[in-house]
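The values are calculated or read from the model by the stated rules, or taken from the named source; none is laboratory data. A quick note: this is a predicted structure, and the numbers were derived from the prediction, not measured. With ideal geometry, Cβ positions are generated from the backbone for all residues, glycine too; neighbour counts draw on all protein chains shown. Note: areas computed on protein heavy atoms with side chains; ligands, DNA, RNA excluded. Shrake-Rupley method; radii C 1.70, N 1.55, O 1.52, S 1.80 Å.
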Amino acid sequence: MITRRSLLATGGLLAATGALTSAAPATAADDPPAGLPTGNPLVEQRADPFVTPPTDGMYYLTGSVPEYDRVVIRGASTLDGLSSARERTIWRRPASGAMGGYIWAPELHRIDGKWYVYFAAGDKDEPFRIRTYVLESVNADPRESGWVLRGQMVTAWDTFTLDATTFAHRGKRYFLWAQNEPGIDTNTNLYLAEMASPLALRTAPVRIATPTLPWEVQGFKVNEGPAVLVRNGRVFVTFSASATDARYCMGLLTADENANLLDARSWTKSPSPVFTTHAPTSQYGPGHNSFTTVGTTDVLVYHARDYRDITGDPLFDPNRHTRVQKLHWNVDGTPSFGVPVGRGGPIVRLSPVDAPALVVRHYEYRLRVDGNVREVADSQFRFVPGLLGSGTVALQSVNFPDRYVRADSGSIRIDPFEDTDAFGRAASFVRVPGLADSAAVSLRVGTNTYLAHDNGRLVVAEPGGDRDARRRATFRLG
């Protein structure tokens, strides 16, 4: 049985998805927004995850396995389904020679009616002699046998090369990858070229990013793991930087969608990382991401560990798990990544029906209702079982999971858990269908009082039968 004391013992964060959702009434609003997965991590011990966009009604997942010896693919009709989907091995490294070493970071792409896997591989006797290779399949389902090795992707230098991806833009297909360039004192930089075919480059590589900033050179001077998203008139490239321990993080490059992408001057690097270790959620070294979609919702796919301290080389620690979370967008059209979320169930944002462009967020631990919240994690919550009394729910902060929404003495805050009846009463709510919209939710505090929006504040109010007051006490989940 889940008690307040058991919540405290786990830092307030429940890993059991079923327990997280069981206390709320079974309504449409219980479903995660836009069909996003109901729990994290999505798949354990799959690093460098790549999830395809939905293709013929299916999502396909590949990634690095801890043994670094094969390429695997699993598929499902939903992202959630990937968690339990059967995994198929489509290719294994040879026992000797080229590609007999480490197999890293496969990506799966559908191009001109065929499937291609781009992956990095070392040699048997030189496992770190990493180069990029490509597999091809004519089958409609990439999990089927029949993959053919098409050989190495040839670039300008025969040097350490990995993390290749490809994307089409304005009638051209591009190849984007990480490589060590002779004469440059870095481990890897990012390069872009136009493709002549899925198997060859048309143009010389253009270096679009070099690790120079302090957050890019921790342990190693690395820019790697690029992923592309074209939105809002721009081409965004996320990438990963630094060593593969807790210092691993994600950066962002941006170009205008009409620019010459093969001109390095078209690209601007954000000065700070956009996605980093977040100790309160116990997520360390997030990175090597990809993107997919659920309907019109963009989804961030990445790996992270649940702990900071690693014994030995972090490259051989197996517990980089595949994780997914909704990607948000700022009013100015730039992506807002938030923080890597901890283990648990669905994450929601609450928007009052009377002001649908605004969201409930905490600022200095006080709750209010704002628009254009760039610190997206400040506006994310989880519904968990109530801290006092059956049939109630609590709202747990996502970026500070030891804190819960507490309505007490006219102040609504997120406060650290206390194992007292007083805290339990103040942090437990009755969740009911929305007073003004049954597909939304209302949160009852007392006999006739509810959480409500009041000109940018979050208050406790008694809406009664007043239409506008009932709208202010109703929240849509997103």
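Return a yes/no flag: does the stretch 100-111 have any residue that is open to solvent by 70 Å² or more (accessible area, probe 1.4 Å), under 23 Å from the mean Cα position of the chain (by Cα) and over 20 Å from VAL43 (Cα atoms). Looking through the stretch 100-111, at least one residue is open to solvent by 70 Å² or more (accessible area, probe 1.4 Å), under 23 Å from the mean Cα position of the chain (by Cα) and over 20 Å from VAL43 (Cα atoms).
ASP466 - would you say it is within 29 Å of the chain's Cα centre (by Cα), more than 18 Å from LEU350 (Cα to Cα), open to solvent by 10 Å² or more (accessible area, probe 1.4 Å) and at pLDDT 95 or above? Judged against the criteria, ASP466 is not a match.
I want to confirm something. Restricting to the stretch 112-149 and keeping residues that are part of a loop (DSSP other than H, G, I, E, B) and among the small types (Gly, Ala, Ser), which single residue is farthest from the chain's Cα centre (by Cα)?
The first filter runs over the stretch 112-149 and keeps only residues part of a loop (DSSP other than H, G, I, E, B), leaving 112-113, 122-130, 138-147.
Keeping just the survivors that are among the small types (Gly, Ala, Ser) gives 113, 122, 140, 145-146.
Values: GLY113: 28, GLY122: 28, ALA140: 27, SER145: 30, GLY146: 32 Å.
So, considering only residues that are part of a loop (DSSP other than H, G, I, E, B) and among the small types (Gly, Ala, Ser), the one farthest from the chain's Cα centre (by Cα) is GLY146.
On inspection, ARG425 does not qualify as in contact (Cβ under 8 Å) with a residue 12 or more places away in the chain, part of a strand (DSSP E or B) and buried (at least 17 other Cβ atoms within 10 Å of the Cβ).
Suppose the filter is open to solvent by 10 Å² or more (accessible area, probe 1.4 Å), acidic (Asp, Glu) and in contact with a Gly (Cβ under 6 Å, 6 or more places away or on another chain); does GLU257 pass it? Against the criterion (open to solvent by 10 Å² or more (accessible area, probe 1.4 Å), acidic (Asp, Glu) and in contact with a Gly (Cβ under 6 Å, 6 or more places away or on another chain)), GLU257 qualifies.
Of all the strands (runs of 3 or more DSSP E) wholly in the stretch 33-106, which have at least 1 residues that are without any contact (Cβ under 8 Å) to a residue 60 or more places away in the chain and in contact with a Lys or Arg (Cβ under 6 Å, 6 or more places away or on another chain)? Talk me through it step by step, then tell me what you get.
On the way: elements: 47-51, 59-64, 70-76, 87-92.
The strands (runs of 3 or more DSSP E) meeting that bar are 70-76, 87-92.
The residues on offer are ASP317, ASP313, ASP309, ASP332, and the sole one that is out of contact with any Pro (no Cβ under 6 Å at 6 or more places or on another chain) and more than 23 Å from GLY219 (Cα to Cα) is ASP332. Filtering the stretch 363-379 to residues that are in contact (Cβ under 8 Å) with a residue 12 or more places away in the chain and open to solvent by 10 Å² or more (accessible area, probe 1.4 Å) leaves TYR363, TYR365, ARG366, LEU367, ARG368, ASP370, GLY371, ASN372, VAL373, ARG374, GLU375, ASP378.
Please verify whether THR293 is buried (at least 18 other Cβ atoms within 10 Å of the Cβ) and either among the β-branched types (Val, Ile, Thr) or not in a strand (DSSP E or B) (or both), treating the condition exactly as stated. Please lay out each step first, then the result.
Details: buried (at least 18 other Cβ atoms within 10 Å of the Cβ): no; either among the β-branched types (Val, Ile, Thr) or not in a strand (DSSP E or B) (or both): yes.
Criteria not met by THR293.
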